[in-house]
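Step one of this worksheet: look at the structure below.
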Amino acid sequence: MHLTRDEELLLQGERGDTLRRAMEILVALGDIYEAERLIEIKSAQIAGVSYKTIGDAGLEWISDLNGKVAVPSILNPAGMDLLKWREMSIDEDFARKQLAIIDAYRRLGVAIECTCTPYLLYESIASRGDHLAWSESSAVSYANSVIGAMTNREGGPSALAAALVGKTPLYGYHLEENRVPTHVISVEADVKEYGALGFLAGKIVGDGVPLFVMRSRPDRDDLKALGAAMAASGSVALYYVKGVTQEPPQYDPDACEIIEIEDEDIRSVYDSRADAGDVDIVALGCPHCSLQELEGIADLLEGRKVSKELWICTSRRVAESAPETVRRIESTGARVICDTCMVVSPASERFSHMMVNSGKAFVYIPGMCGVKATLGSLEDCINAATGGS
Ligand code: F3S
């Protein structure tokens with residue numbers, strides 16, 4: 001990979017050990033993917049935050065870094081609600097180490113938003129055509145597909161390295177030629193729950209770039225759910241929905257695989273679920289809930305009381321912007337949980353069967369938490385939590 005004189009100096013350690021280490025990561029990536037050069041990025045979104053996933057080695061690595069990020073950089077969810085961790089039954093040792101990780105990121109100048117939906121908080125961090133270094137898979141999918149920005153799915157260390165240097169290697173989804181559709185998915189169903197559609201589509205497409213042609217018109221929350229599920233059941237980082245998202249670049253339709261998804265295919269995702277009778281926790285908010293989603297949940301819960309644990313995960317900033325909505329939700333016995341989620345927090349591990357409405361959580365909960373997972377619609381989930389039908 002070609003480096004400018006300044007980049008060479010960074011790599012030689014002329015501006016300190018942290019930037020030298022960051023450059024080593026970027027150069028290694030660039031060499032692997034045969035990138036021609038580094039390009040400037042507008043922002044970074046950094047995963048690798050929960051002590052559950054990065055452990056002592058991760059804590060040590062981050063604590064050892066000095067300096068400040070060069071571009072606006074936002075942190076992914078941590079392993080606990082940073083304020084109400086005791087109410088989540090998080091143990092003291094975990095909390096101490098998690099807070100040390102947060103402190104280390106804060107010293108580097110990373111915004112401690114702890115969310116996978118940074119685009120709901122700051123419009124300025126990504127616009128169409130911007131190059132980014134984001135790492136959480138649903139955020140990557142949203143940035144590429146809905147915003148029209150350009151990012152690879154970075155690992156935590158490479159996103160942090162890019163944040164410190166302000167650059168990333170030019171390869172993958174930063175190049176227009178890798179952003180053409182590989183599959184055309186015609187959706188005949190009248191889609192209401194996009195997590196189930198995404199779960200199906202991701203399994204079919206793998207790491208391809210699907211172009212959906214559908215009669216339903218997904219809104220931004222629907223697109224968030226669709227992308228998150230496809231990134232988990234497959235590894236889709238970019239998709240298009242005809243007439244809804246940006247248009248794809250010039251492509252050859254004859255080179256695309258054609259797929260049809262019908263009502264019964266989507267129903268089969270729900271039909272394949274395990275018996276929901278022994279569900280002992282219901283968790284919503286994967287990816288983190290938007291304000292509109294929180295309000296929708298508050299409306300559905302109106303006049304009910306939960307009979308099972310019900311978690312609603314969101315960013316602290318969204319929760320704090322809607323205290324009355326949070327109060328309405330929590331008055332039913334449900335909990336609004338910030339800074340973390342059902343997948344990356346060890347708090348999920350004390351349950352045995354979780355019901356979710358997210359295609360992504362449905363994929364990850366069994367492996368990451370050792371908990372049986374059932375996928376339901378939002379309404380199914382609220383009914384399961386409140387004993388309604
Ligand atoms: Fe976000 Fe956690 Fe889901 S990080 S996308 S809520 S697994």
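Computed over the chain, the per-residue total of -39500 (n - 2.57) for DSSP H runs of n ≥ 4 gives a 222 nm mean residue ellipticity of -11500 deg cm²/dmol, rounded to 500.
Rolling a 1.4 angstrom probe over the protein heavy atoms with all chains in place gives the chain an accessible area of 41 Å² per residue. Around the Cα centre of the range 207-335, unit charges on the Cβ atoms of Lys, Arg, Asp and Glu (plus for the first two, minus for the last two) sum to a dipole of about 760 debye. Over the range 256-318, the reciprocal of the mean inverse Cα-Cα separation, the Kirkwood hydrodynamic radius, stands at 14.7 Å. Structural descriptor for the range 309-354: relative contact order 47 percent, calculated from alpha carbon pairs under 8 angstrom and at least 6 residues apart. When only the Cβ of Lys, Arg, Asp and Glu is charged (+1, +1, -1, -1), the dipole of the chain relative to its Cα centre reaches about 1020 debye.
Label-point separation (nm) for Glu8 and Lys192, each offset 7 Å from Cα along Cα-to-Cβ? Result: 6.4 nm between the two label points.
Within the range 20-61, all pairs of alpha-carbon atoms sorted by distance into 10 Å bins from zero give the percentages 22, 39, 34, 5. Taking only protein heavy atoms and a 1.4 Å probe, the accessible area of the range 254-389 is 46% carbon and sulfur. For Ala373, the residues whose amide H sits under 5 Å from its own are Met354, ignoring neighbours fewer than 5 places away on the same chain, with H placed 1.01 Å from N. 3J(HN,Hα) couplings calculated from phi for the range 121-129 with the Karplus curve 6.51 cos²θ - 1.76 cosθ + 1.60 (θ = phi - 60°) are, in sequence order, 9, 10, 5, 6, 7, 7, 10, 3, x Hz; Gly and Pro show x.
Placing dummy labels 7 Å off each Cα toward the beta-carbon, the span from Ser331 to Ser235 is 4.8 nm.
Across q = 0.10 Å⁻¹, the range 272-389 modelled as identical point scatterers on its alpha-carbon atoms has Debye log10 I(q)/I(0) values of -0.25, in the order of the q list. Taking the DSSP bridge list for the chain and keeping only pairs wholly inside it, about 10 percent are antiparallel.
Simple point charges give the picture: +1 on the Cβ of Lys and Arg, -1 on the Cβ of Asp and Glu, and for the range 110-190 a dipole about the Cα centre of about 280 debye. Element breakdown for the range 40-82 at a 1.4 angstrom probe: carbon and sulfur atoms account for 51% of the accessible area. Hull volume per residue, based on the alpha-carbon atoms of the range 39-104 and their convex hull, is 96 Å³. Taking a sphere under 13 Å around the Cβ of Tyr194 and counting the other residues whose Cβ falls inside, with K and R at +1 and D and E at -1, yields a net charge of -1. Phi angles across the range 36-51 convert, under the Karplus curve 6.51 cos²θ - 1.76 cosθ + 1.60 with θ = phi - 60°, into 3J(HN,Hα) values of 6, 6, 8, 10, 6, 10, 8, 7, 10, 10, 10, 8, x, 10, 5, 4 Hz, Gly and Pro given as x.
Is the shape of the chain rounded, prolate or oblate, going by the alpha carbon gyration tensor and its root eigenvalues a ≥ b ≥ c, with a/c under 1.5 for rounded and a/b larger than b/c for prolate? It is oblate, given that a/c is not under 1.5 and a/b is not larger than b/c. With distances taken between every two different alpha-carbon atoms, the range 201-305 has a Kirkwood hydrodynamic radius of 16.3 Å. When you filter the GluC sites (Glu not before Pro) in the range 167-225 for DSSP loop state and at most 11 other Cβ atoms inside 10 Å of their Cβ, nothing is left.
Amide H contacts of Val184 (H built 1.01 Å from N, in plane; Pro and chain starts excluded): Leu211, Glu257, Ile258, Ile259 sit under 5 Å, all sequence-distant by 5 or more or on other chains. Taking θ as phi - 60° and the Karplus parameters 6.51, -1.76 and 1.60, the scalar couplings of the range 143-159 work out to 4, 5, 8, 8, 7, x, 7, 10, 8, 7, 8, 6, x, x, x, 6, 5 Hz in sequence order, x denoting glycine and proline.
The modelled label-to-label distance for the pair Tyr270/Ser127, using points 7 Å beyond Cα in the direction of Cβ, is 4.1 nm.
Diagonalising the gyration tensor over the Cα atoms of the range 71-219 and scaling each eigenvalue by 5 before taking the square root yields semi-axes of 31, 21, 13 Å, largest first. Under 5 Å between amide hydrogens, built in the peptide plane, is the criterion, and for Asp339 it picks out Thr314, Arg316 among residues at least 5 positions away or on other chains. Over the range 29-141, the reciprocal of the mean inverse Cα-Cα separation, the Kirkwood hydrodynamic radius, stands at 15.2 Å. Rolling a 1.4 Å probe over the protein heavy atoms of the range 185-249, with every protein chain left in place, gives an accessible area that is 45 percent carbon and sulfur.
When the alpha carbon gyration tensor of the range 322-389 is reduced to an equivalent ellipsoid, the three semi-axes, largest first, read 21, 16, 11 Å. Using R₀ = 22 Å, calculate the FRET efficiency as 1/(1 + (r/R₀)^6) where r is the Cβ-Cβ separation of Glu40 and Gln246; round to 0.05. With a Förster radius of 22 Å, E is 0.55. If you sort the three axes of the alpha carbon gyration tensor as a ≥ b ≥ c, you get a/c of 1.5 or more for the range 177-253 and a/b no higher than b/c, which makes it oblate.
The values are calculated or read from the model by the stated rules, or taken from the named source; none is laboratory data. Computed from a predicted model, the values in this text were never measured in an experiment. With ideal geometry, Cβ positions are generated from the backbone for all residues, glycine too; neighbour counts draw on all protein chains shown. Surface accessibility is based on the protein's heavy atoms, side chains included, excluding ligands, DNA and RNA. Shrake-Rupley method; radii C 1.70, N 1.55, O 1.52, S 1.80 Å.
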